[in-house]
């Protein structure tokens with residue numbers, strides 16, 4: 001259990017996932033939540049991270065901080081994606097250990113699995129094949145994060161856990177025109193098409209790849225659930241060197257189906273065109289969530305309802321919606 005009164009450090013609290021986890025913790029009555037902006041704490045700076053942990057009494061850590069982006073961003077900035085993510089993971093995990101923090105939750109990504117992993121992807125598919133080339137540096141960093149946690153558990157008896165979410169979306173998402181993931185990119189593009197009266201929206205790729213999408217509030221609920229499991233229950237459903245847990249819905253759709261749903265949500269009534277000259281990425285990414293289901297948790301937000309919630313947040317908060 002996450003004990004009330006023990007400080008919970010949420011690294012990356014301004015990101016989509018981190019902010020959702022803070023909301024979830026607050027909804028459950030946790031008041032001692034510790035956060036730090038990038039200006040206050042650069043997680044790639046080892047000395048500053050060590051000092052931060054030394055200056056605060058921290059009971060639990062949620063490592064939600066990461067450098068993230070879509071296919072374009074991963075292809076354009078591979079060095080930043082592997083370096084910054086490795087540094088943040090190493091610094092936070094080691095500083096937590098040195099400070100005596102017993103429980104930590106590391107958030108990874110479904111891209112850790114091989115490009116052609118059997119579907120749905122089970123946890124034991126890790127390290128069984130070649131990664132998708134478009135995001136390999138990011139995936140390698142996330143795999144390293146899992147192994148960091150497992151190594152500190154093995155050597156020092158820590159309780160550092162890892163959850164691997166499928167593709168996430170929802171309030172707080174990144175709507176950058178070039179560096180965003182597929183759902184915010186589509187929501188923005190369809191929104192702008194409706195506002196400008198366009199009759200066509202062009203979408204990268206063939207539209208045939210299949211993807212699974214999880215609302216970030218479901219991800220936050222699952223993360224807090226996994227972190228709060230007692231040690232015996234967690235260990236009964238995992239293995240020392242295969243300790244990560246998939247988080248998803250267990251349901252996927254084609255990119256074409258996703259685009260058609262986004263069109264309904266935004267009110268776009270024109271035609272959809274798919275540019276097959278652009279990269280598709282992995283052909284299919286569906287998570288096997290049976291391990292998490294056996295522990296007692298399932299996603300509760302359907303895709304169309306979740307997209308309507310995400311679009312409402314975009315309309316309310318994003319500058320593009322007000323221009």
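None of the figures in this text is laboratory data; all of them are computed from the coordinates on show. Not measured: the values here are computed from a predicted model. Here Cβ is always computed from backbone atoms with ideal geometry, including for glycine, and neighbour counts include all displayed protein chains.
The table below gives the values:
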{"quantity": "Flag for residue 18 being touching a strand residue (DSSP E or B) at 6+ places or on another chain (Cβ under 6 Å) and either within 28 Å of residue 229 (Cα to Cα) or in a loop (DSSP other than H, G, I, E, B) (or both)", "calculated": "yes"}
{"quantity": "Tally, over region 148-190, of residues that are closer than 23 Å to residue 92 by Cα and out of contact with any helix residue (DSSP H, G or I) (no Cβ under 7 Å at 6 or more places or on another chain)", "calculated": "6"}
{"quantity": "Wholly enclosed helices (runs of 4 or more DSSP H) of region 235-323 bearing at least 3 residues touching a helix residue (DSSP H, G or I) at 6+ places or on another chain (Cβ under 9 Å) and farther than 20 Å from residue 182 by Cβ", "calculated": "290-295"}
{"quantity": "Some residue of region 191-210 being in a helix (DSSP H, G or I), more than 20 Å from residue 106 (Cβ to Cβ) and in contact with a strand residue (DSSP E or B) (Cβ under 7 Å, 6 or more places away or on another chain)", "calculated": "yes"}
{"quantity": "Some residue of region 83-105 being surrounded by fewer than 23 Cβ atoms within 10 Å (Cβ to Cβ) and more than 26 Å from residue 34 (Cα to Cα)", "calculated": "no"}
{"quantity": "Top-ranked residue in region 229-258 [being free of Cβ contacts under 8 Å to residues at least 24 places away in the same chain and over 30 Å from residue 206 (Cα atoms); ranked as surrounded by the most Cβ atoms within 10 Å (Cβ to Cβ)]", "calculated": "235"}
